[in-house]
Amino acid sequence: MAAEACTYVIFGATGNLSRIKLMPAFYHLDVAGQLPEGTKILAIGRREWTQEKWLAEVKEMIQTKIKDAFDESVFEQFAARLHYHFGDLQQPECYSTLAITLEQPQFSPNAAFYLSISPSDFGNVMEQLSKNKLFDEQFGWKRVVIEKPFGYDLESAQALQKRISHYLSEDQIYRIDHYLGKGTVQNVSVFRFANVMLEPLWNRHYIDHIQITHSESIGIGERGGYYDGSGAMRDMLQSHLLQLLTLVLMEPPTSMEAEALRDEKVKVLKSIRPIAKEAVHAHAYRAQYANGTVNGEHVNGYLQESGIPQESITETYASMKLYVDNWRWQGVPMYLRTGKRMKKAQSVISICFRQPPLHFFRDTEIHCMSQNWVLLGIQPEECVRIEMTVKEPGLEMKTRTSSLDASFRNSDEKAIDAYEDLLLDVLKGDRSLFLRFDEVEEAWKIVDPILQTWASERDYVATYPAGSWGPEDSRLFDKESQAWRTSLTPECPNAK
Ligand code: BG6
């Protein structure tokens with residue numbers, strides 16, 4: 001699919017996402033020669049800024065992000081694509097004047113509207129764009145990119161979907177989950193489907209359990225207003241982590257084409273055993289960070305963060321156990337967890353294989369016989385590792401764990417931010433890395449019973465010290481031999 005010139009209209013252009021992700025991503029795409037000629041980026045902003053002021057703002061966003069790599073002359077070329085449209089998205093004039101602006105010949109009739117705004121505004125903004133005929137595809141395509149969260153729970157997601165389907169057809173909607181744009185996440189499918197060795201083992205006969213951990217050392221920063229109404233389950237598990245899980249568990253799609261891929265992902269979500277309300281405590285755990293020390297620095301607890309009510313029970317850590325009732329995965333527990341202000345920032349998918357029969361070694365001195373693990377490091381360490389047990393050199397029969405490493409990136413290969421990939425896919429009309437509504441709906445069905453139970457239990461939430469690996473939630477594990485894995489290097493004591 002070729003990328004076509006378009007006008008990217010950014011709602012929320014002065015916000016955090018735009019500063020740290022969108023504008024730098026557009027800049028990098030331009031430098032790499034990936035933005036088709038004629039592509040413009042039109043920012044919508046509530047402040048009465050001039051074009052010069054906007055250019056100065058964007059320059060600062062990019063300088064902050066890329067520091068010494070900033071090049072004034074390259075920025076000047078990029079700046080020719082940038083425009084500022086003054087308007088308050090709550091006011092109808094914002095859209096009527098936008099319609100007039102977009103009629104100018106310098107703007108391509110293809111338009112992508114990027115909604116990096118509060119989810120409560122999604123419906124109104126789309127209604128106004130539709131009223132002003134800005135979704136009319138007579139002269140060019142019109143697409144809408146919607147940031148997460150898509151809804152607050154199942155019911156609100158369905159209501160939002162119903163509303164926006166009055167204005168747009170499904171193929172105009174790009175529901176973004178930026179995890180799908182990460183190179184290491186796409187590598188999960190390549191690792192599984194381009195290598196024959198693991199496929200025969202990738203099932204309940206050989207896999208003991210699967211874990212996905214996304215931990216962050218940062219707190220909620222200035223996002224208290226959003227985060228307190230969301231919590232870790234909605235913010236990370238319902239979206240990014242369930243998406244990662246589908247890629248690990250899905251059957252091989254017939255092609256990489258959007259519908260084929262989404263069909264397989266949705267089948268996984270539909271196969272997840274619903275968690276009955278009475279079983280929520282056996283399947284999920286929540287906690288909130290208390291003050292503590294992160295990277296040698298004393299930090300506040302969640303309740304001391306700005307904008308957080310004293311009585312808040314919003315979770316900053318959430319974990320859950322799921323079972324997938326299909327032929328491949330029946331009986332294999334899947335453990336997912338995420339937390340803010342944890343010891344270390346990392347995202348890892350860890351696949352633990354079953355113990356081999358140990359009878360053969362019964363008369364030996366073997367003290368450590370680890371299970372095999374496959375570790376897929378998503379970030380910051382990007383790697384694929386397979387842990388094997390090998391004999392230690394020497395006269396005795398002792399073993400240690402050795403790791404086969406298929407690194408994702410060579411040192412001279414540049415990292416590409418997920419948003420670069422996704423912004424370009426919108427220009428190409430490739431929706432394979434965006435979510436179809438049934439995926440969003442199924443994901444809400446999985447977490448809704450947990451959220452409802454937690455919402456009704458308002459008198460207590462466990463805490464964990466900032467800078468730790470989170471609360472004690474080992475009761476989620478099915479067996480004593482199962483525990484959260486925190487390291488990408490072999491955990492066996494005499495490992496090398
Ligand atoms: C966002 C969440 O979707 O993903 C944030 O709202 C979280 O709370 C972020 O920090 C994590 O993304 P990444 O790419 O930094 O791992």
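The values are calculated or read from the model by the stated rules, or taken from the named source; none is laboratory data. Computed from a prediction, not measured in an experiment: that's the story for all the values here. Cβ: placed from backbone, ideal geometry, glycine included. Neighbour counts: every protein chain shown. Just the protein is used for accessible areas: all its heavy atoms, side chains included, with ligands, DNA and RNA removed. Shrake-Rupley method; radii C 1.70, N 1.55, O 1.52, S 1.80 Å.
Just checking, does the range 170-193 include any residue being at pLDDT 95 or above and more than 23 Å from the chain's Cα centre (by Cα)? No. LEU180 - would you say it is within 16 Å of the ligand (Cβ to nearest atom) and closer than 30 Å to ILE349 by Cβ? When the stated conditions are applied, LEU180 passes them. Taken over the range 428-454, residues that are part of a helix (DSSP H, G or I) and over 18 Å from GLN186 (Cβ atoms) amount to 17.
Across the range 189-221, the number of residues qualifying as within 15 Å of the ligand (Cβ to nearest atom) and surrounded by fewer than 20 Cβ atoms within 10 Å (Cβ to Cβ) comes to 4. Note on the range 371-408: among residues that are aliphatic (A, V, I, L, M) and under 19 Å from THR213 (Cα atoms), the one that is most open to solvent (accessible area, probe 1.4 Å) is ILE386. Per this entry, GLN172 is counted among residues that are under 24 Å from THR254 (Cα atoms) and surrounded by 15 or more Cβ atoms within 10 Å (Cβ to Cβ).
Take the residues in the range 55-89 that are hydroxyl-bearing (Ser, Thr, Tyr) and over 30 Å from ASN124 (Cα atoms); name whichever of them is surrounded by the most Cβ atoms within 10 Å (Cβ to Cβ). Out of the qualifying residues, it is THR64.
Name the residue that is farthest from the ligand (Cβ to nearest atom), counting only residues in the range 375-395 that are aliphatic (A, V, I, L, M) and out of contact with any Leu (no Cβ under 7 Å at 6 or more places or on another chain). Ranking the qualifying residues of the range 375-395, first place goes to LEU395. Note on the range 341-370: among residues that are of a type in the set (S, T, N, Q) and open to solvent by 30 Å² or more (accessible area, probe 1.4 Å), the one that is modelled with the lowest pLDDT is THR364. Only a single item in (1) assigned by TED's automatic domain parsing to the domain that holds THR213; (2) among the basic types (Lys, Arg); (3) in a loop (DSSP other than H, G, I, E, B) is not met by ARG400, and it is number (3).
On the stretch given as the range 409-421, residues that are of a type in the set (Gly, Ala, Ser) and open to solvent by less than 60 Å² (accessible area, probe 1.4 Å) total 1.
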